[in-house]
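The values are calculated or read from the model by the stated rules, or taken from the named source; none is laboratory data. No experiment lies behind these values; they were computed from the predicted model shown. All Cβ positions, even for glycine, are placed from backbone atoms using ideal geometry, and neighbour counts span all protein chains on display. SASA here: full protein model, heavy atoms, side chains in, ligands and nucleic acids out. Shrake-Rupley method; radii C 1.70, N 1.55, O 1.52, S 1.80 Å.
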Amino acid sequence: VEIGEGRIAGPGPGEGAVEVVVAPQRLYARPAVPGLGKGSPVRLGCRPAEVRLAAGGSVPVGYQRLELGVRKAHREGSFWRLEGTTPLNLPLRIPQRLWDGGPRRQLAVGIASCDLLLWPA
């Protein structure tokens, strides 16, 4: 799922990782194709299953914390599918018991750098 656009700022921590500027944030991701260097405009993507709700506001080691402003929420069986902006359009699927269904709520989410992929814009 494409979740936003940014620009590569330079190398990131870890093998193959780069730092990406997605105003106003800086994230770490890995290129899905070779040849993307500093200054390259990129599209960011991840699988919805890779985005995690930050329990108590904290994320596991190796995850990046992002604030998600919920824009849409709808039920899918025993789960809620949430869509929002961070400024990324991150999708999130969480159990019903973890969401009260209210609109415009802020949540902290986490995504691992290795799960955030980049393609040329």
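Summary table below
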{"item": "Residues being part of a strand (DSSP E or B) and over 13 Å from the mean Cα position of the chain (by Cα) - total across region 64-80", "result": "9"}
{"item": "Verdict on LEU44 being closer than 15 Å to GLY4 by Cα, touching a residue at least 60 places away in the same chain (Cβ under 8 Å) and aliphatic (A, V, I, L, M)", "result": "yes"}
{"item": "Condition check for PRO91: under 11 Å from the mean Cα position of the chain (by Cα) and at pLDDT below 85", "result": "yes"}
{"item": "Every residue from region 39-55 that is in contact with a Lys or Arg (Cβ under 9 Å, 6 or more places away or on another chain) and farther than 15 Å from THR86 by Cα", "result": "GLY39, SER40, PRO41, VAL42, ALA49"}
{"item": "Those residues of region 26-36 which are under 17 Å from GLY110 (Cβ atoms) and open to solvent by 40 Å² or more (accessible area, probe 1.4 Å), in sequence order", "result": "ARG26, TYR28, ARG30"}
{"item": "Number of the condition not met by VAL61 [criteria: (1) surrounded by 15 or more Cβ atoms within 10 Å (Cβ to Cβ); (2) part of a loop (DSSP other than H, G, I, E, B); (3) among the β-branched types (Val, Ile, Thr)]", "result": "(1)"}
{"item": "The one condition in (1) of a type in the set (Val, Ile, Thr); (2) modelled with pLDDT of 85 or more; (3) under 15 Å from the mean Cα position of the chain (by Cα) that VAL1 fails to fulfil", "result": "(2)"}
{"item": "Subset of region 74-101 [touching a residue at least 12 places away in the same chain (Cβ under 8 Å), over 19 Å from GLY4 (Cα atoms) and of a type outside the set (Phe, Trp, Tyr)]", "result": "ARG75, GLU76, SER78, ILE94, PRO95, GLN96, LEU98, GLY101"}
{"item": "SER40 vs. criteria at pLDDT 95 or above, among the small types (Gly, Ala, Ser) and either more than 13 Å from the chain's Cα centre (by Cα) or open to solvent by 20 Å² or more (accessible area, probe 1.4 Å) (or both)", "result": "yes"}
{"item": "Out of GLY110, GLY10, GLY84, GLY16, sole residue that is of a type outside the set (A, V, I, L, M), part of a strand (DSSP E or B) and either touching an Asp or Glu at 6+ places or on another chain (Cβ under 7 Å) or open to solvent by 40 Å² or more (accessible area, probe 1.4 Å) (or both)", "result": "GLY10"}
{"item": "Options ALA32, ALA73, ALA54, ALA9; residue that is of a type in the set (A, V, I, L, M), over 19 Å from ASP115 (Cα atoms) and in contact with a strand residue (DSSP E or B) (Cβ under 6 Å, 6 or more places away or on another chain)", "result": "ALA73"}
{"item": "Condition met for LYS38 (among the basic types (Lys, Arg) and outside any strand (DSSP E or B))", "result": "yes"}
